[in-house]
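To start, the structure itself, in structure tokens.
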Amino acid sequence: MFLPFVLFVVTSIVGLLYWPFATTLFICAFLLFAVGVIGVDTFGACFMSIFPLQPDYDKYLSLIKGKTVLITGANRGIGRGLAESMVMAQANVIIAGRSELESTVAELREIAKEHKSSSQICSYAVDFSDFLSINKLVLQLQKEEKQIDVLVLNAGVTPMPSQQQKDGIDLMLFVMFISNVIFVDALVERGICRTDAGLPRIVFTSSDTHRWHDYQPLPTTKRWNYTALSLVL
């Protein structure tokens with residue numbers, strides 16, 4: 001608090017002495033003070049909410065038309081929103097997960113119908129906490145000669161308290177990180193996840209909570225932060 005206040009006072013005094021630049025200097029002083037008080041991340045989030053960037057989404061979505069996108073954990077949240085966007089962009093969508101597959105596919109097909117999209121939508125049941133289930137999915141995709149252009153790894157769990165999967169590995173870490181490594185490696189090795197131009201686009205969704213991990217032994221409350229950090233690294 002002290003340093004931002006000093007910067008604010010000094011900049012304000014300079015603004016008074018050099019009055020032609022007073023407005024600019026007062027604005028700079030206020031911004032310095034705000035950043036110092038609430039932090040860079042919070043200030044940035046506030047700034048973006050007031051002055052949001054407006055990328056040309058239509059331009060980028062047009063590039064995905066006709067491509068095949070596999071999304072894990074697409075029954076709700078970020079994965080579901082992405083699946084809907086891909087359907088509206090006329091990409092072929094494959095969703096992979098444990099639950100709500102039929103209802104999710106039905107709802108996505110309704111969205112495709114509403115937007116007159118030619119998107120082909122299907123689903124595969126898989127448990128990303130189980131080595132064998134992941135391998136079974138890969139073999140099924142290979143048997144059906146699926147070719148994936150974009151792979152979005154979004155599946156996640158937040159068991160409270162901590163749980164282990166059947167091989168004794170922390171459930172959250174396995175589902176959100178280790179299973180992704182296994183899945184990607186198997187898909188690329190078998191040529192399922194490949195395009196004419198080479199390797200496909202692979203997207204990992206993580207969490208901003210990776211910033212809060214301090215590299216110390218993990219209590220239960222920090223498992224999510226650790227897993228998010230693993231994905232970022």
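Coordinate-derived values only; no laboratory data. Since this is a predicted model, take the numbers as computed values, not measurements. We place every Cβ from the backbone using ideal geometry, glycine too, and count neighbours over all the protein chains shown.
Observations on the model:
- Greater than 26 Å apart at Cα, pairs in Lys113/Lys143; Lys59/Lys143; Lys65/Lys136; Lys65/Lys113; Lys65/Lys143; Lys146/Lys166: Lys113/Lys143; Lys59/Lys143; Lys65/Lys136; Lys146/Lys166
- Full-extension gain in nm, Asp167 to Lys116, via 0.36 nm per residue minus C-alpha separation: 13.8 nm
- Put in line by how crowded their Cβ is, counting other Cβ atoms within 10 Å and starting with the fewest, Thr158, Thr104 read Thr158, Thr104.
- For Arg201, distant residues with modelled amide H under 5 Å away: Leu151
- Protection proxy ranking of 145-155, 86-96, 183-193, 162-172, by the mean of other Cβ atoms within 10 Å over each peptide's residues and highest first, is 86-96, 145-155, 183-193, 162-172.
- Under-5 Å amide H pairs with Cys193, H placed in peptide plane, nonlocal only: Ile148, Val188
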